[in-house]
1. Does residue 163 meet the test of being among the acidic types (Asp, Glu) and farther than 17 Å from residue 211 by Cβ?
2. List the number of the failed condition for residue 18; all other conditions in (1) under 17 Å from the mean Cα position of the chain (by Cα); (2) surrounded by fewer than 19 Cβ atoms within 10 Å (Cβ to Cβ) hold.
3. Only residues that are among the hydrophobic types (A, V, I, L, M, F, W, C) and either closer than 27 Å to residue 163 by Cβ or modelled with pLDDT under 95 (or both): list them for the range 103-133, please.
4. Right, residue 215: out of contact with any Pro (no Cβ under 9 Å at 6 or more places or on another chain) and more than 25 Å from residue 23 (Cα to Cα) or not?
5. Between 40, 93, 112, which is among the β-branched types (Val, Ile, Thr) and out of contact with any helix residue (DSSP H, G or I) (no Cβ under 8 Å at 6 or more places or on another chain)?
6. Considering every residue within the range 69-76, establish whether at least one is surrounded by 16 or more Cβ atoms within 10 Å (Cβ to Cβ), within 14 Å of residue 112 (Cα to Cα), polar (S, T, N, Q) and touching a strand residue (DSSP E or B) at 6+ places or on another chain (Cβ under 7 Å).
7. Can you tell me which residue within the range 95-148, out of those that are over 13 Å from the mean Cα position of the chain (by Cα), among the polar types (S, T, N, Q) and surrounded by fewer than 20 Cβ atoms within 10 Å (Cβ to Cβ), is nearest to residue 10 (Cα to Cα)?
8. Only strands (runs of 3 or more DSSP E) wholly contained in the range 160-222 count here; list those with 2 or more residues that are under 17 Å from residue 9 (Cα atoms).
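The values are calculated or read from the model by the stated rules, or taken from the named source; none is laboratory data. Owing to the predicted nature of the structure, the values given are computational and were not obtained by experimental measurement. Note that each Cβ is placed from the backbone with ideal geometry, even for glycine, and that neighbours are counted across all protein chains shown.
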Amino acid sequence: MGLDVEAALREQIAYYRARAPEYDREYAERSDDMRLLLPVFDEFPIVGDVLELACGTGQWTKLLAPRARSLTAVDAAPETIAIARERVAPAKVEFVCADLFGWRPERTYDTVFFAFWLSHVPPSLSSRFWQIVADALAPGGKAVFIDNGPGEAAIEEILAEDDVPAVRRRLDDGSEHRVVKVFHEADQLARDLDEWGWTGDVQPVGPNFIAGVAEPKSGTRR
């Protein structure tokens, strides 16, 4: 991992830690988008033991919990996990505070879910990330995800000069932060997944989102 990527990821974690008190505002302001995404989420094959990556404040954790036999939710920001614990009954969920690129689960899962996380994975780490997901899945398990698509780029301040694809975000206190942001196009992401050893179905959802279900090909797991 190069220094530029490391610096971008450190800044990204710092941003989400600082943003924790403001995080849920976007879900309230974009309730129409949630109504668009919820039917897609309802159709996802979320079963059995579930691992959620980058759980944030638990907006999706609360929807995963009723469908899971067990649920492990991981995030790098303790501040967001604290909010998620208040949102979701802790008896149903095991929360883990860890950097996703350094953490490895001690078990495997039937479903790995991540919402609005894949776009924060630097391209140079994409193959590595999908290998982490493959290693976390039990035989026959699936990865399911929702994220921003190319249409969302219109409302972001893109930092074109950065080596790592990134946008500038501002918090209520006026502080500015660089956040990794890759606006995946559905067809291209499906082709990339094929190269990384996955069979995936990735579809656009409205003008601003993508959703996908993917399964490792035979031999992808180590």
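1. Working: among the acidic types (Asp, Glu): yes; farther than 17 Å from residue 211 by Cβ: yes.
Judged against the criteria, residue 163 is a match.
2. (1)
3. Step one: filter the range 103-133 for residues among the hydrophobic types (A, V, I, L, M, F, W, C), giving 103, 112-118, 121, 125, 129-130, 132-133.
The answer is 103, 114, 115, 116, 117, 118, 121, 125, 129, 130, 132, 133.
4. Numbers: out of contact with any Pro (no Cβ under 9 Å at 6 or more places or on another chain): yes; more than 25 Å from residue 23 (Cα to Cα): yes.
It is true that residue 215 is out of contact with any Pro (no Cβ under 9 Å at 6 or more places or on another chain) and more than 25 Å from residue 23 (Cα to Cα).
5. Details: 93 fails: out of contact with any helix residue (DSSP H, G or I) (no Cβ under 8 Å at 6 or more places or on another chain); 112 fails: out of contact with any helix residue (DSSP H, G or I) (no Cβ under 8 Å at 6 or more places or on another chain).
On inspection, the qualifying residue turns out to be 40.
6. So in the range 69-76, the residues surrounded by 16 or more Cβ atoms within 10 Å (Cβ to Cβ) come out as 71-76.
Right, trim to within 14 Å of residue 112 (Cα to Cα) and you get 71-75.
When the remaining residues are screened for being polar (S, T, N, Q), the result is 72.
Cutting the leftovers down to touching a strand residue (DSSP E or B) at 6+ places or on another chain (Cβ under 7 Å) gives us 72.
For the range 69-76, residues surrounded by 16 or more Cβ atoms within 10 Å (Cβ to Cβ), within 14 Å of residue 112 (Cα to Cα), polar (S, T, N, Q) and touching a strand residue (DSSP E or B) at 6+ places or on another chain (Cβ under 7 Å): present.
7. Among them, the one singled out is 124.
8. On the way: elements: 166-170, 176-180, 198-205, 209-216.
Strands (runs of 3 or more DSSP E) meeting the threshold: 166-170, 176-180.
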